[in-house]
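First the structure, in the form of structure tokens, and then the observations on it.
The values are calculated or read from the model by the stated rules, or taken from the named source; none is laboratory data. Keep in mind the model is a prediction, meaning the values are calculated, not measured. With ideal geometry, Cβ positions are generated from the backbone for all residues, glycine too; neighbour counts draw on all protein chains shown. Heads up: the accessible areas ignore ligands, DNA and RNA and are worked out on the full protein's heavy atoms, side chains in. Shrake-Rupley method; radii C 1.70, N 1.55, O 1.52, S 1.80 Å.
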Amino acid sequence: VAVDAALLAGVLMRTGEQPNASDVVNYAPFTLLPSAVPRALFEQAYAVQQDFNLLVDAVSQNREFLEQTLASTIKVDDFTARLFRIYKQVLEEGLAQTVVLGINRSDYMFDCGLEGTAALRQIEINTIAASFGGLTSRTADVHRLVLKVLGKSEEASQLLPNNPAKGLALGIAKAWELYGSQRAVVMFLVEEVQRNIFDQRCVENELWNRNIRVVRKRFRDVFEQGSLDASRRLYMDGQEVAVVYYREGYVPQVYDEQNWEARLLLERSRAVKCPDIATQLAGTKKVQQELSRQGTLEKLLPGHPEAIARIRATFAGLYSLDEGEEGDRMAATAIADPDRFVLKPQREGGGNNLYGEELREVLEKIKDSPERTSYILMDKIKPQPALNYLLRAHSPLQVSECISELGIFGVYVRQGRELVLNQAAGHLLRTKAIEHADGGVAAGVAVLDTPYLV
């Protein structure tokens, strides 16, 4: 019943065997039952999202902060260094873009710690290609039906409505409108391999419903067909582009020299990039670690003490591995007690973090080299596991001990100095079996879920 409901609702992915064909599809993996989430922590995560939107926007506008924070990282991490070079080049040339659109997703876990009372702890904030806003818009209906079939109509009625796809489209539409050309299109910049196309189509269809034209292009298409006119308007195949919405471009593997050139062309253009390169840099792990340092938030958000308190209440312990005394001490602490920490590189997209023995081995190897500065350390969060069934195509049905991660989507639009839109746009709950330390839905580890507030 659950699988049929998912297929009917459009909770779909293309298959691994034919990732670019829609003639054979299957359901995206999901939990049989919704998972219990503490209501107070859920509400706290929503309440702080506008503050995080403000913070990401402030970081992206603060050249001095980005330069100082990333100085050690760009010496050893080539990918961040290339992004940073484009960032500087575009600033020196003068920004053509006057409207800024941010779509981010702040991810949290519920840390049970020693006292046993759960606390909301931020894992990371994704500022580029934050996915599953579309499919999660459809998952609650599936869980509603499952609960009814189980004779739990009262519980079914408790599940919250949730439509991030609509909220994300609202932000894109606002940016398109402020760009000011009715004829211009929104361009989704997409991967070569597009298994998760239906998630994107949910957002795309919301835009078509507003009579906003959408085109889907890859970096290679931009390299071959993209051009700028004298006032740096971006044209693809003769069509003016108002908004570039990145669903690609966050991992080093996708960039060859042509794709770096395409990225530079997009960044130099007047089109509204979501995210622009400064906002992508604002989402790096090194920036996250620096934000947790005493006094940093006060510098970035002067005059917002309440916002700062709400943000800081969600931080887990984050530690620098920069060269020097502090970094030496943290490296030694983590090698001695690797189960206390997670080692994070400057990468997006899930499946990159190191734990336990693997963390110790890597740190042992790089502890005396500058390479360690391309990582940060974070306290390992200890959530309370619960039982659920993870439904995956072609997998045996078994009950698993699971933990969940809650993401809140945020959308903001700024024109010049004025923030014209700043809101939370919905939520995403992902659940995985406890034996998997790391990885999201697209990485094949976590599955889609719906919060049941308790």
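Accessible surface comparison of Asp339, Asp276, probe 1.4 Å, protein chains only, largest first: the order is Asp339, Asp276.
Over the residues of the chain, the helix contribution to mean residue ellipticity at 222 nm works out to -11500 deg cm²/dmol, using -39500 (n - 2.57) for each DSSP H run of at least 4. Solvent-accessible area assigned to carbon and sulfur over region 317-380 amounts to 43 percent, based on a 1.4 Å probe. Note: relative contact order over region 288-376, using C-alpha pairs below 8 Å and six or more positions apart, is 27 percent.
Given +1 on the Cβ of Lys and Arg, -1 on the Cβ of Asp and Glu, and no further charges, what dipole in debye does region 78-210 carry about its Cα centre, rounded to the nearest 20?
380
In sequence order, region 48-62 has phi-based couplings of 8, 5, 5, 5, 5, 4, 4, 5, 4, 5, 5, 4, 5, 8, 9 Hz under the Karplus curve 6.51 cos²θ - 1.76 cosθ + 1.60, θ = phi - 60°, and Gly or Pro positions carry x. Per-residue Karplus couplings for region 237-253, computed as 6.51 cos²θ - 1.76 cosθ + 1.60 with θ equal to phi - 60°, are listed in order as 6, x, 9, 6, 10, 8, 9, 10, 9, 6, 10, 8, x, 9, 10, x, 4 Hz, Gly and Pro entered as x. On region 174-248, 40 percent of the accessible area sits on carbon and sulfur atoms, based on a 1.4 Å probe. When the pairs Lys88/Lys432; Lys75/Lys174; Lys88/Lys285 are compared against a 28 Å limit on Cα-Cα distance, Lys88/Lys432; Lys75/Lys174 fall above it.
Rounded to whole numbers, the Karplus 3J(HN,Hα) couplings from phi for region 381-392 are 8, 10, x, 8, x, 9, 8, 7, 9, 9, 8, 10 Hz, using 6.51 cos²θ - 1.76 cosθ + 1.60 with θ = phi - 60°, and x at Gly and Pro.
All other residues whose Cβ lies under 15 angstrom from that of Asp256 are scored, Lys and Arg at +1 and Asp and Glu at -1, for a net of -4. Residue ranges 74-80, 379-385, 202-208 sort as 202-208, 74-80, 379-385 when ordered by packing (mean number of other C-beta atoms within 10 Å per residue, highest first). Taking amide H atoms as placed 1.01 Å from N in the peptide plane, the amide H of Leu421 lies under 5 Å from those of Val413, each 5 or more residues away in sequence or on another chain. Average accessible surface for the chain: 42 Å² per residue, computed with a 1.4 Å probe over protein heavy atoms with every protein chain in place. Between the amide H of Arg233 and those of Arg270, distances stay under 5 Å, these residues lying 5 or more places away or on another chain, with hydrogens modeled in the peptide plane.
Here the dipole of the chain is about 1160 debye; that uses its Cα centre as origin and unit charges on the Cβ of Lys and Arg (positive) and Asp and Glu (negative). Amide H of Glu240 versus every other amide H placed in the peptide plane: which residues, excluding those fewer than 5 positions away on the same chain, fall under 5 Å? Counting only residues 5 or more places away or on other chains, the set is Val185.
Would you indicate which of (1) 57; (2) 41; (3) 35 is the value of percent of Cα pairs over 33 Å apart derived from the coordinates of this structure? After the calculation, the listed value that fits is (3). Heavy-atom accessible area with a 1.4 Å probe sorts Tyr235, Tyr412, largest first, into Tyr235, Tyr412.
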